[in-house]
Amino acid sequence: MADFGAMARRTDPDTSHIAAVTVDANRLEGFVLSILGQYPGGLTTREISTLLSIDMVSISPRMKPLEKKELVERTTDRRGRSIVWRAK
């Protein structure tokens, strides 16, 4: 397996490693923070994806790093089985 960088797990397929290098995570995180800031009640990843017109598979992986950076938080609310996220 080719080593394209550290933003994907060692066991992930090569396409994930390529995407990890080519996707601008900081830019996507900025979009997520911006839209969450407009919705104080919070949004699910699907709602964020729809509002930004960005595929959910690009949005969902941004949530945990933003949570670790303490920029977003999980609320106790759920919409169906989906977590509702809120900007801190």
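Tabulated results
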item	result
Residue ranges of helices (runs of 4 or more DSSP H) in segment 1-70 with at least 1 members modelled with pLDDT of 95 or more, surrounded by 12 or more Cβ atoms within 10 Å (Cβ to Cβ) and of a type in the set (D, E)	45-52, 56-68
Any hit, segment 71-78, residues being in a helix (DSSP H, G or I), at pLDDT 95 or above, touching a strand residue (DSSP E or B) at 6+ places or on another chain (Cβ under 7 Å) and open to solvent by less than 70 Å² (accessible area, probe 1.4 Å)	no
Residue ID - nearest to R9 (Cα to Cα), chosen from residues in segment 52-88 that are touching a helix residue (DSSP H, G or I) at 6+ places or on another chain (Cβ under 8 Å) and β-branched (V, I, T)	I59
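The values are calculated or read from the model by the stated rules, or taken from the named source; none is laboratory data. Since this is a predicted model, take the numbers as computed values, not measurements. Heads up, the Cβs are rebuilt from the backbone with ideal geometry, glycines too, and the neighbour counts pull from every protein chain shown. Ligands, DNA and RNA are excluded from the accessible area calculation, which covers all protein heavy atoms including side chains. Shrake-Rupley method; radii C 1.70, N 1.55, O 1.52, S 1.80 Å.
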